[in-house]
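Note sheet for the following structure.
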2 protein chains.
Amino acid sequence: MGSIASMKAAYLGPPGTFSEEALRAFDASNKWEPVPFPTLAEAYRALASRQAAFAVLPIENSLEGTVGTTLDLLVQEPGPLIRAEKAVPIRHHLLTRLETKLEEIRTVVSHPQALAQCAQFLQSRRPSATQLAAPSTADGARQASEQPGVAAVASLAAAQRFGLTALAKDIQDEPDNTTRFVLLSAQDAPRTGRDKTSIAIALEHQPGALYDALGGFASAGINLTKLESRPSRRALGEYLFFIDFEGHRSDDLVDHVLAALRKRALRVLLLGSYPSG
Amino acid sequence: MGSIASMKAAYLGPPGTFSEEALRAFDASNKWEPVPFPTLAEAYRALASRQAAFAVLPIENSLEGTVGTTLDLLVQEPGPLIRAEKAVPIRHHLLTRLETKLEEIRTVVSHPQALAQCAQFLQSRRPSATQLAAPSTADGARQASEQPGVAAVASLAAAQRFGLTALAKDIQDEPDNTTRFVLLSAQDAPRTGRDKTSIAIALEHQPGALYDALGGFASAGINLTKLESRPSRRALGEYLFFIDFEGHRSDDLVDHVLAALRKRALRVLLLGSYPSG
């Protein structure tokens with residue numbers, strides 16, 4: 001039983017979403033059983049309830065910024081750990097049934113965010129088309145596969161799944177649209193020599209608090225790759241800082257810095273060590 | 001001519017959006033002429049082209065995180081400055097014509113993001129309703145005002161503008177949904193004694209770089225209220241750090257810290273000093 005569950009991977013469904021694309025990218029050996037969940041929180045909780053051994057969550061988009069919901073989930077205790085990261089380019093395509101021509105499209109259906117990310121393209125090419133919101137890009141593709149004159153904005157994976165063709169490719173307004181995903185599980189990754197570690201630390205809202213906290217990293221020569229403050233939802237006047245840095249928590253140097261940090265910060269949450277993506 | 005233009009305020013339109021609501025909150029004396037623009041970038045550029053004296057931009061949402069597009073605009077040089085900030089609660093309502101009942105709603109129309117933020121409510125209360133994407137929440141309200149059986153997800157301001165009634169109030173899935181807006185103009189705000197200053201600094205990607213940069217703030221006893229790293233779009237391996245701290249740039253202490261910082265950082269961009277929101 002344990003071995004079956006250990007192969008399940010939770011993601012924000014349904015099948016054909018970019019979260020599933022990220023899941024496939026994490027699962028190089030193609031051994032996992034993807035299990036879709038309707039929300040990020042439910043995909044996350046599938047780990048604690050042992051419905052899945054892995055969960056894939058988006059953490060940051062190059063245009064929209066941080067996914068606040070995911071950061072809020074990551075600091076729940078006791079929580080699973082990040083064991084891998086992957087940047088997935090978000091590429092949208094205009095998908096239709098094979099016989100449909102661009103000028104025949106009367107309706108474009110997709111997840112609201114995907115429609116928003118292709119707003120300029122849709123406005124300039126099919127200004128008269130009705131835009132229909134679907135619960136996911138994949139569900140939009142399903143709808144397009146069932147009716148002529150309906151186009152979907154979705155991934156090529158969704159096109160394949162529903163037998164659609166891409167009338168126009170890469171229709172997102174911003175060419176550099178990338179989402180970084182993290183893979184969570186009960187354990188993080190072993191040391192490879194090219195690793196990153198993510199932590200969240202709670203600090204009092206005082207001058208010099210962050211400076212003091214960063215001192216250990218500076219004197220150890222550890223490079224920070226990301227730093228973001230976020231008001232803690234636990235206590236007023238308490239700030240959380242999400243910090244990514246180079247190195248693995250099993251490195252002596254990192255271990256030493258984290259031990260010193262625990263004496264200075266209100267809380268230090270280890271979010272995981274994993275190979276640099 | 002200058003005096004007329006000096007009263008115009010650019011925002012992300014159309015009328016009835018939360019950006020307009022923020023604009024009204026900034027304009028306590030109700031003297032400005034709101035001018036809607038179709039994108040954030042165009043609202044921002046209205047300042048340089050002197051089509052407007054003020055611009056209102058969303059900078060951060062409590063759920064979604066930072067608005068990356070706005071941060072990228074703020075670091076353009078030479079740029080306008082932040083002269084005020086305001087947190088606006090994002091409250092969505094289900095709006096219909098007066099005679100429409102909940103069970104008669106066949107279509108719900110709104111901006112894709114608003115539909116997404118009310119997904120759980122819509123799914124549980126009107127699962128069979130078709131969700132239509134509109135270019136803005138306000139345009140959705142206009143559509144709902146023209147057809148029976150159509151509901152909009154929009155603000156009370158939009159309800160007023162189009163003579164709609166709220167069948168259900170505060171239907172957003174997350175009760176604490178707040179967006180922080182900044183007000184930009186050629187000049188920032190004079191010192192009040194309870195001020196904040198926003199800067200962006202470019203640092204080389206080296207251990208200790210951020211620690212060194214923060215040293216001045218720590219030894220001067222200046223409180224940081226926000227810190228966020230973002231890869232620079234100008235040069236590979238260069239990081240931008242967006243820092244908010246307590247104090248006004250005309251304070252001797254702040255002036256001293258910024259002068260020292262200019263010697264250490266690749267670039268220091270002053271984004272403005274303004275009263276704490």
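Distances from A:Arg267 to the same residue in each other copy, label points 7 Å out along Cα→Cβ, in nm, shortest first?
Sorted ascending, the copy-to-copy spacings read 3.8 nm.
Quick query: amide H of B:Arg83 versus all other amide H atoms, modeled in the peptide plane; which residues come in under 5 Å with a sequence gap of 5 or more or a different chain?
When sequence neighbours closer than 5 places are left aside, the close amide H contacts are B:Leu183, B:Leu184, B:Ser185.
Averaged across B:124-131, how many Cβ atoms of other chains sit within 10 Å of each residue's Cβ atom? Mind dumping the intermediate values first?
Working: counts 0, 0, 0, 0, 0, 0, 4, 7.
Going residue by residue through B:124-131 and averaging, the value is 1.
Label the protein assembly as shown by shape, choosing from rounded, prolate and oblate, from the square roots a ≥ b ≥ c of the eigenvalues of the Cα gyration tensor; if a/c is under 1.5 it is rounded, and otherwise prolate applies when a/b is larger than b/c, oblate when it is not.
On the way: a/c = 1.85, a/b = 1.13, b/c = 1.63.
Since a/c reaches 1.5 but b/c is at least a/b, the shape of the protein assembly as shown is classed as oblate.
For segment A:200-255, run through the trypsin sites (Lys or Arg not before Pro) and keep only the ones in DSSP coil with at most 13 other Cβ atoms within 10 Å of their Cβ. Could the numbers behind the result be given before it?
On the way: sites: A:Lys226, A:Arg233, A:Arg234, A:Arg249; in loops: A:Arg233, A:Arg234, A:Arg249.
Here the sparse-neighbourhood loop sites are A:Arg233, A:Arg234.
Axis carrying B onto A: which residue of B has the nearest Cβ, and how far, whole Å?
B:Pro112, 1
For the protein assembly as shown, with all protein chains present and a 1.4 Å probe, just round the carbon and sulfur fraction of the accessible area to a whole percent.
Roughly 50 percent of what the probe reaches on the protein assembly as shown is carbon or sulfur.
If Lys and Arg each add +1 and Asp and Glu each add -1, what is the summed charge of the other residues whose beta carbon sits under 9 Å from the beta carbon of B:Gly16? Walk me through the numbers before you get to the answer.
Working: positive: B:Arg142, B:Arg161; negative: B:Glu20, B:Glu21, B:Asp139.
Here the count lands on -1.
Please give me, ordered by residue number, the GluC sites (Glu not before Pro) of segment B:82-128 that lie in loop per DSSP and have at most 12 other Cβ atoms within 10 Å.
Working: sites: B:Glu85, B:Glu99, B:Glu103, B:Glu104; in loops: B:Glu99.
Taking segment B:82-128 and a limit of 12 other Cβ atoms within 10 Å, the loop GluC sites (Glu not before Pro) found are B:Glu99.
What lysines sit close enough to B:Lys226 to cross-link, taking a C-alpha to C-alpha distance under 25 Å and skipping anything fewer than 8 places away on the same chain?
Excluding near neighbours in sequence, the set is A:Lys196, A:Lys226, A:Lys263, B:Lys86, B:Lys196, B:Lys263.
State, to one decimal in nm and shortest first, how far the label point of B:Gln76 sits from each corresponding label point in the other identical copies (label point: 7 angstrom along Cα-to-Cβ).
Listed shortest first, these distances are 4.1 nm.
Given a 1.4 Å probe and no ligands, DNA or RNA in the count, how much accessible surface is buried by B and A, both sides, to the nearest 100 Å²? Numbers along the way, then the final one.
On the way: alone 13920 and 13900 Å², together 24790 Å².
Chains B and A together bury roughly 3000 Å² of accessible area.
For segment A:5-134, evaluate the Debye formula with one uniform point scatterer on each Cα (no solvent term) and list log10 I(q)/I(0) at q = 0.11, 0.13, 0.20 Å⁻¹, rounded to two decimals.
-0.49, -0.65, -1.16
Within 9 Å, Cβ to Cβ, of B:Leu227, how many net charges do the neighbouring residues add up to if Lys/Arg are +1 and Asp/Glu are -1? List each step's numbers first, then the result.
Numbers: positive: B:Lys226; negative: A:Glu228, B:Glu228, B:Asp244.
Summing Lys and Arg as +1 and Asp and Glu as -1 gives -2.
At a Cα cut-off below 28 Å, give the lysines reachable from A:Lys101, other chains included and same-chain residues fewer than 8 away excluded.
A:Lys101 reaches A:Lys169.
Ignore the peptide's own chain and count Cβ atoms of other chains within 10 Å of each Cβ in A:132-141; give me the average, rounded.
On the way: counts 5, 14, 2, 6, 0, 0, 0, 0, 0, 0.
Mean partner shielding for this stretch: 3.
What translational D, rounded to a whole number of µm²/s, comes out for segment A:140-277 from Stokes-Einstein when the hydrodynamic radius is the Kirkwood one over Cα pairs, at 25 °C and 0.890 mPa s? List each step's numbers first, then the result.
Details: Rh = 18.3 Å.
The calculation lands on 134 µm²/s.
Any chance you could run the full-extension gain for B:Glu204 through B:Arg191? It's 0.36 nm times the residue separation minus the Cα-Cα distance, nm to one decimal.
1.5 nm
What nm value, rounded to one decimal, do you get for the distance between A:Glu104 and A:Arg264 when each label is placed 7 Å out toward the C-beta?
Distance between the two pseudo-spin positions: 6.6 nm.
Distance between Cα centroids, segment B:113-138 to segment B:161-232: provide it in whole Å.
Segment B:113-138 and segment B:161-232 have Cα centres spaced 30 Å from each other.
Taking a cut-off of 33 Å, what percent of all Cα-Cα pairs in chain B are separated by more than that?
Working: 12123 of 38226 pairs.
Beyond 33 Å sits 32 percent of the P(r) for chain B.
Provide a whole-number value for the mean count of partner chain Cβ atoms within 10 Å of the Cβ atoms in peptide B:68-76.
On the way: counts 8, 4, 1, 1, 1, 0, 0, 0, 0.
The mean count of partner-chain Cβ atoms within 10 Å per residue comes to 2.
Compute the accessible area per residue over chain A, keeping the other protein chains in place, probe 1.4 Å, unit Å². Can you show the working numbers first?
Numbers: 12390 Å² over 277 residues.
It amounts to 45 Å² per residue over chain A.
Over the Cα atoms of segment A:76-177, compute the convex hull volume and normalise it per residue, giving Å³.
Details: hull volume 12.0 nm³, N = 102.
In segment A:76-177, the Cα convex hull volume per residue is 118 Å³.
Could you pull the copy-to-copy label distances for A:Met7, with points set 7 Å along Cα to Cβ, in nm to one decimal and sorted shortest first?
Between copies, matching label points for A:Met7 lie 7.3 nm apart.
The values are calculated or read from the model by the stated rules, or taken from the named source; none is laboratory data. Model, not experiment: these values are computed from the prediction. Every residue, glycine as well, gets a Cβ built from its backbone with ideal geometry; the counts of neighbours run over all protein chains shown. With ligands, DNA and RNA removed, areas are computed over all heavy atoms of the protein, side chains included. Shrake-Rupley method; radii C 1.70, N 1.55, O 1.52, S 1.80 Å.
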